[in-house]
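Below is one structure; the comments refer to it alone.
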Amino acid sequence: MNFISAGKQNIIKVLKFPGLFLLGLLIMTGCNRPKPNGNGAVKSMEDLVVSNNFNWKTTKTIVVNIKTPVDESNQLIKIYSVDNKDLLYTGYADPVTGMIAAKVTVPTSYNMVKLEYGPGNRYKPVVVGIGNDLVYNYDFSITKDAHENVQNITATFIVYAFGASFHNSFGFQFPNVAPNQIKSVTGYNIAPNSIFSLASNGLEKKQSKATVIVYDDSWRLMPYPGKGIGVNTEMDAPFVTPDTIVMQMTFYDNGTFAPGGPVQYNTLDIGNFNPFIVVNQQRGVEVHLPNHAPTDLVDKKLLGTGDDNSIPAEGRFYKTKKNLPWAINIPQVFVWPIEKQDITQAYNNFAEWAESDGDIFPDWYEDKAGYRNNNLLYTKQQ
């Protein structure tokens, strides 16, 4: 794509991605099985018929290839969502070729983004995740230099609710970053004598990939209100103010990178970071997103046992035999079902999305007419 100079004006182009939804998935027609609908054909997650190939993703990572005139390679390029709400990427084209290949993560329902010239050097996606018995919002703000080397990451986590009686912990891993490529991690909420052992730079010890522990016990973060199961899961229980944790991850400081060398922005691949829960203070028991590998400290003997159908040799992780997930990622603030209510009933199009391998209703979580049953959702202060 070529940009045309117009003096000092910002130029905004819309770049379309034909075939963006394919992603190598098997698209199911549903002709040989009952089709879920809003009249209750699917009563719960267990009723779903989901193909082996479905990855349960509501976001996709794409590479935006841009070519600018070489004499304009010093102009800052920004990539936004089409509604201008999310700044997805900022960077400069190569001064020799005028090319830039920008890796961005967008909702699967997107088929276009906006490109714009303008100042600034920060990248800030806003995504929401749902973990097992945990609802949290997260935000990564990344600073990088003119050579696309990551210098600093500010990570903000807001814990809204949890429904389990377990004392669960939460962390995440950067699959493409070695522990010695990060100088320091600060801001985590971990009590003395916790089950976690941290290295001098704040990362978890005995991990081959950079692993960050955000907090060690959700029950310490948000006090039990005296009624209901967990916190902020039942409408008749008192509301508890969500807890916010802000962390700093430093890759570059005082003129130098960490001993392991710099990390390129595209290598970081922030859209595919690996969040996980450690269950009830048992370090070896982890819950991840579908097909996201566990960390080095997981108890491998547990994989594929009970309701889990992980098959590490096939790259299959954290799905049941019916291909149901233990966790899902949502690209916006999520209104979660109240305790004991199934997501297939709270969100009318969730079942059809899952059974079509994500081809139908990729925006099932949005607040559109007929999409939600608000009487089944937690709608107190959020």
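Remarks
- Anisotropy class of region 225-316 from Cα gyration tensor, a/c 1.5 cut: oblate
- Whether region 133-326 is rounded, prolate or oblate, judged on the alpha carbon gyration tensor where a/c under 1.5 counts as rounded: oblate
- Order of HIS167, HIS292, HIS147 under a 10 Å beta carbon neighbour criterion, fewest first: HIS147, HIS167, HIS292
- In nm, spacing of pseudo-spin labels at LYS300 and ASP139 (7 Å Cα→C-beta vector): 4.0
- Sorting SER208, SER184, SER356, SER109 by the number of Cβ atoms found within 10 Å of their own Cβ, with the fewest placed first, yields SER208, SER184, SER109, SER356.
- By the count of neighbouring beta-carbon atoms within 10 Å, fewest first, ARG372, ARG283 end up ordered ARG283, ARG372.
- Links that overshoot a 30 Å alpha carbon limit, given the list LYS57/LYS368; LYS227/LYS319; LYS206/LYS340; LYS209/LYS319: LYS227/LYS319; LYS206/LYS340
- Region 156-213 and region 290-354 have Cα centres spaced 21 Å apart.
- Backbone geometry of region 45-58 corresponds, through the Karplus equation with coefficients 6.51, -1.76 and 1.60 at θ = phi - 60°, to 3J(HN,Hα) couplings of 4, 5, 7, 5, 10, 10, 6, 4, 7, 6, 9, 6, 7, 9 Hz, x marking Gly and Pro.
- Residue by residue, region 278-286 carries 3J(HN,Hα) couplings of 9, 8, 6, 6, 10, 4, x, 9, 10 Hz when phi is fed to the Karplus relation 6.51 cos²θ - 1.76 cosθ + 1.60 (θ = phi - 60°); x denotes Gly or Pro.
- Karplus-based coupling profile of region 85-95, in residue order and whole Hz: 7, 10, 8, 8, 6, 9, x, 10, 6, 5, x, with θ = phi - 60° in 6.51 cos²θ - 1.76 cosθ + 1.60 and x standing for Gly or Pro.
Since every read-out is calculated from the coordinates, none of them should be taken as a lab result. Just so we're clear, the structure is a prediction, and the values are computed from it rather than from any experiment. Cβ: placed from backbone, ideal geometry, glycine included. Neighbour counts: every protein chain shown.
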